[in-house]
Structures are given as structure tokens and as C-alpha cells.
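Okay, so here's the structure we're looking at.
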Ligand code: PMT
């Protein structure tokens, strides 16, 4: 059996950007490369956890580790179903994925043809995965990410409370070397008590190790 501070824990990590189809050849997505989520999956595994990585569109292939179970999804709805179906057995959920807040109301079954000078796309809200699961929380330790472009602290704290999270990782995605696509990140981690850890520019691997270290500590503390 695996050893380490997360041995015996079931960890779910989501990564990448969801794809919301307009038609079979077009979609709405975002710049998430999957790197932050992949780093988290690797770090959780190295700490002994049983890891499921739920990956939407990513730039690179997910880790090729036989001990990391990879589930590919496309849309926010598919990601929701993949996470919700594994929720009861889950000990730690980390939502590093960039999930679309809106999707096209209709996804056309065949390629939309060019016609008028303008075209209107009607969007509807997606399910907020974290918020839905936050409402069904019992033993699970829930970690969210907040991608902000300013005022990160206030927005992150609001998300922590609204989504019933144990920790939230705020990254200012407008800062050089942080956020989407990079191998590094700059984060501030908040808990219910306020700021827990400020990390300067470090690798996403280092962010992952420090974040999971905090989660392991808090879970062990709660079990005493
Ligand atoms: O993939 P990389 O290129 O490495 O980039 C990493 C990252 C910038 C994508 C990552 O560090 C990050 O910040 N991920 C969260 C991006 C995001 O969607 O933030 P948000 O503030 O919109 O959402 C807050 C939280 O709610 C997130 O944990 C998100 O997964 C979750 N959410 C959002 C919408 C939704 N419908 N369901 C959700 O669960």
C-alpha cells in the first residue's frame, strides 16, 4: 500500500478548460492548459493518495502514471457528472479546472452556415460544480481556485463562503508568471479564518505540494 501523509485518501482533481459546443466544429473555452491540475494530481499521488484526475480540454497529455486514474470530459455538465458520481467516496476535491460559467443555450447538431451580417448566440448558466457539491458536503475537504484579475482577496473570500469551501487558492491571472498556461504561479491561500499562506512566484509543482500539505495537516487535525 502507498505511504505518505495522504495514504488511504481518495483525491479528485479537476484540470483544464471546459468546452461548450456551439456546433460540431466550434466551441467556447478558455486558456487553461491543465498544468496546475496535473501538478496537483502528481503531488497528491506522491503523498500516497488514490488519485482521480478529471480533465477537460488541456494543452498537454495528462500524467501517464498508472496510479493516476484519468477521466476525460468535455463540458461543464460532463465534469459535474464525473465529479458528482464519485463524490460520496471522495476525501479531498480540488477544483483547479477553469469551468465555463455559461454555455450556448442550443448546440447545433450540424455546422452552422454563414448567413446574416450579425449573429446572436444565446448563453445559459452552467451548473456551478463546487457550489452544488459544497451543499452536499459531509466528510469531504473541498478546495477551490479563484482566477481573478484584481481584487483577488475579496472575490476569493466570497467564493469560500458561498461555495462552502475549506480552502481557496486565489491566483491573480493578470500577474506575470501566474495563472493560465505558465509553469509557475503566484497564489494566496485562504481558509475560513483568513489568509493561511502567501506564496511568491514558485512552480506549480511547489504550489501543489504546499496546498496538499496544508490539506493533509487540516484533515489530520480534524481527526484528533
Ligand atoms: O490550467 P493552467 O493553465 O495551469 O491554469 C491554472 C488556472 C489559472 C486555470 C487555475 O489555477 C485556476 O485558477 N482555476 C480556476 C479557474 C476558475 O474557473 O476560477 P473561477 O473563479 O471562475 O471559479 C472558482 C471556482 O469554482 C473554481 O475552483 C472552479 O473550478 C469552480 N467552478 C466554476 C464554475 C462552475 N460552473 N463550476 C465550478 O465548480
Report task. With runs of 4+ DSSP H residues as the only contributors, calculate the mean residue ellipticity of the chain at 222 nm using -39,500 (n - 2.57) per run, divided by the residue total and rounded to the nearest 500. Result -> -8000 deg cm²/dmol
Query raised in the report: Percent antiparallel among DSSP beta bridges with both residues in the range 10-223, to the nearest 5?
Result: 40 percent
Query raised in the report: Using Cα atoms only, what is the angle between the long axis of helix 204-223 and the major principal axis of the chain, expressed in degrees (0 to 90) to the nearest 10?
Result: 60 degrees
Requested in this report: Give the Rg/Rh ratio for the range 132-224, taking Rg as the radius of gyration of the Cα atoms and Rh as the Kirkwood radius, to two decimals.
Outcome: 0.97
Query raised in the report: Where is the GNM fluctuation largest for the chain (alpha-carbon springs, 10 angstrom cutoff): 153, 117, 176?
Result: 117
Report summary line: Which of 83, 25, 169 fluctuates most in a GNM of the chain (C-alpha springs under 10 Å)? That residue is 25
Report task. Please build a GNM for the chain, connecting alpha carbons under 10 Å apart, and tell me which residue among 170, 82, 49 fluctuates the most. Result -> 82
Report summary line: Note on the chain: contact order normalised by length, alpha-carbon pairs under 8 Å, 6 or more apart, percent, works out to 19 percent
Query raised in the report: For 32, 203, 110, 75, what's the fewest-to-most ordering of other Cβ within 10 Å of each Cβ?
Result: 110, 203, 75, 32
Query raised in the report: Which angle between 0 and 90 degrees, to the nearest 10, do you get for helix 35-46 versus the longest principal axis of the chain when only C-alpha atoms count?
Result: 30 degrees
Query - Length gained when the stretch residue 86-residue 197 is fully extended (0.36 nm per residue, less Cα-Cα span) - result: 37.0 nm
Report task. Could you work out how far apart the two model spin labels at residue 119 and residue 22 are, taking each label as a point 7 Å from the Cα in the direction of the beta carbon, and quote it in nm? Result -> 0.6 nm
Report task. Note down the nm distance, to one decimal, between modelled labels 7 Å out along Cα→Cβ at residue 224 and at residue 155. Result -> 3.6 nm
Query - Debye-sum result for the range 10-223 in log10 I(q)/I(0), which assumes one identical scatterer on each alpha carbon, at q = 0.09, 0.16 Å⁻¹ - result: -0.35, -1.06
Query - Inter-label distance, nm, simple model (7 Å from Cα along the C-beta direction), residue 60/residue 135 - result: 3.8 nm
Query raised in the report: In degrees from 0 to 90, rounded to the nearest 10, what is the angle of the helix 152-162 Cα long axis to the longest principal axis of the chain?
Result: 80 degrees
**Report entry** the range 1-56 - Rg (one decimal) and Dmax (whole number), Cα, Å
**Finding:** 14.7, 47
Requested in this report: Take the alpha carbon atoms of the range 147-168, find their center, do the same for the range 54-101, and report the distance between the two centers in whole angstrom.
Outcome: 21 Å
Report summary line: Inter-part gap, Cα centre of the range 175-217 to Cα centre of the range 106-133, in whole angstrom, is 33 Å
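Only the coordinates and a few stated rules stand behind these numbers; no lab work does. Small disclaimer: the values here were computed from a predicted structure and weren't measured. Counting neighbours? That spans all protein chains shown, and the Cβs are built from the backbone with ideal geometry, glycine included.
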